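The values are calculated or read from the model by the stated rules, or taken from the named source; none is laboratory data. Since the structure is predicted, the reported quantities are computational estimates derived from the model, not experimental observations. Methodologically, a virtual Cβ is constructed for each residue, glycine included, from the backbone with ideal geometry; neighbour enumeration extends over all protein chains shown. Note: accessible area is taken over every heavy atom of the protein model, side chains too, but ligands, DNA and RNA are not part of it. Shrake-Rupley method; radii C 1.70, N 1.55, O 1.52, S 1.80 Å.
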Amino acid sequence: ADNVVKLYAAEHAPATEADDAPASPDALLEDAATHLRPSVLLKKLLESERGDAVSVADLHRLIVSDAETRARVVKLASGPYFCSGITVESIDEAFVLLEHRILSGAMLASQVREMFLGRGRASDDRIAAQMWRHALACGAIARVLARRSAVEHAGHAFAAGLLHDIGRLILYQTRPEEFARWLSGASLMVGSVIVAETDIFGCTHTDVGAEWARDNDIPEPIARAIAEHHSSELHQPGAPLSGVVEFANVFCRYHGIGLVFRPDIMPEKNRSWQHIGLPEEALFELEQELPMILAAEPLCF
């Protein structure tokens, strides 16, 4: 009985001043540095808007040198998206069928996927898997919208969408208890997720993500989109590419793709949609394309 009383008292003891101090973005980044540094390949893939930062020869060499990646490329080329019934048996045949742009995009997605889920088979971490699904959908939607609206740095839209919530991944990996507390109220909130993060962590996932991007020399348009993808929510100005990523984020939240489900936030009412400047028909088309976007996840090896 004495031990039970002691345990209860310890669990319910008031937090000390040190324990109650909010985390800073720098402290969070320091904790995450060992397992969230982007690979050399990822940084190369992010360098160019045109997707040609990695040459055809270099990409071929990188794929051929890794047995798992080689098998995934062959499987990708054999899929219904590209091959029209052709059975692809070798990596050379796959390279003939697949464009360099497609391979670069798939490699980019695979590198970011490893940051969320680790290398190899699908993760059994439900939260990380939901965050990755959200990131991939945001990347695909941002790319579609950026091309249609011809925003500046449209070629970075896919990468910006993939990486926009990297700060949230860092919070999840480095502050699991606080993250669980934030998540327990996320689906019920009627206000800003940013405000809730500040109350719990002392900073936001956009703060942490922006610091991570600067610390790792991520291209400026992508870094800015990471920092600004809640600008409309905070009534702050943002770059056009940031607005595209923000709308993709709002669109996914509205449809329950990811950790936060917000059916109360109408995408077409969001300021970011107004800034993109596309007609209402484009939103309807995006709704129709959403199942295909979500079905494309197996393409990301």
**Study point:** Residue satisfying all of: in the range 99-153; closer than 24 Å to residue 67 by Cα and part of a loop (DSSP other than H, G, I, E, B); farthest from the chain's Cα centre (by Cα) among these
**Key:** 99
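Do we find a residue being among the aromatic types (Phe, Trp, Tyr), without any contact (Cβ under 8 Å) to a residue 24 or more places away in the chain and outside any helix (DSSP H, G or I) anywhere in the range 71-82? Give the derivation first.
Step one: list which residues in the range 71-82 are among the aromatic types (Phe, Trp, Tyr), which gives 81-82.
Okay, now just the ones that are also without any contact (Cβ under 8 Å) to a residue 24 or more places away in the chain, so 82.
With the extra rule that they be outside any helix (DSSP H, G or I), the set shrinks to 82.
Yes, because at least one residue in the range 71-82 is among the aromatic types (Phe, Trp, Tyr), without any contact (Cβ under 8 Å) to a residue 24 or more places away in the chain and outside any helix (DSSP H, G or I).
Sort through 101, 148 and tell me the only one that's over 16 Å from residue 294 (Cα atoms), modelled with pLDDT of 85 or more and open to solvent by 10 Å² or more (accessible area, probe 1.4 Å). Lay out the reasoning, then the answer.
Numbers: 101 fails: modelled with pLDDT of 85 or more.
The unique qualifying residue is 148.
Every residue, every condition in (1) at pLDDT 90 or above; (2) within 13 Å of the chain's Cα centre (by Cα); (3) within 26 Å of residue 110 (Cβ to Cβ); (4) of a type in the set (S, T, N, Q), yes or no:
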site: 166; (1), (2), (3), (4): yes, yes, yes, no
site: 184; (1), (2), (3), (4): no, no, no, yes
site: 187; (1), (2), (3), (4): no, no, no, yes
site: 214; (1), (2), (3), (4): no, no, yes, no
site: 221; (1), (2), (3), (4): yes, no, yes, no
site: 230; (1), (2), (3), (4): yes, no, no, no
site: 252; (1), (2), (3), (4): yes, yes, yes, no
Review point. Is at least one residue of the range 25-38 open to solvent by less than 30 Å² (accessible area, probe 1.4 Å), touching a Ser or Thr at 6+ places or on another chain (Cβ under 8 Å), modelled with pLDDT of 80 or more and closer than 27 Å to residue 241 by Cβ?
Key: no
Practice item. Being assigned to a helix (DSSP H, G or I) and open to solvent by 20 Å² or more (accessible area, probe 1.4 Å) narrows it down to one of 198, 206, so name that one. Key: 198
Check your understanding: If you check 162, 183, which single one turns out to be within 30 Å of residue 53 (Cβ to Cβ) and in contact with a helix residue (DSSP H, G or I) (Cβ under 8 Å, 6 or more places away or on another chain)?
Key -> 162
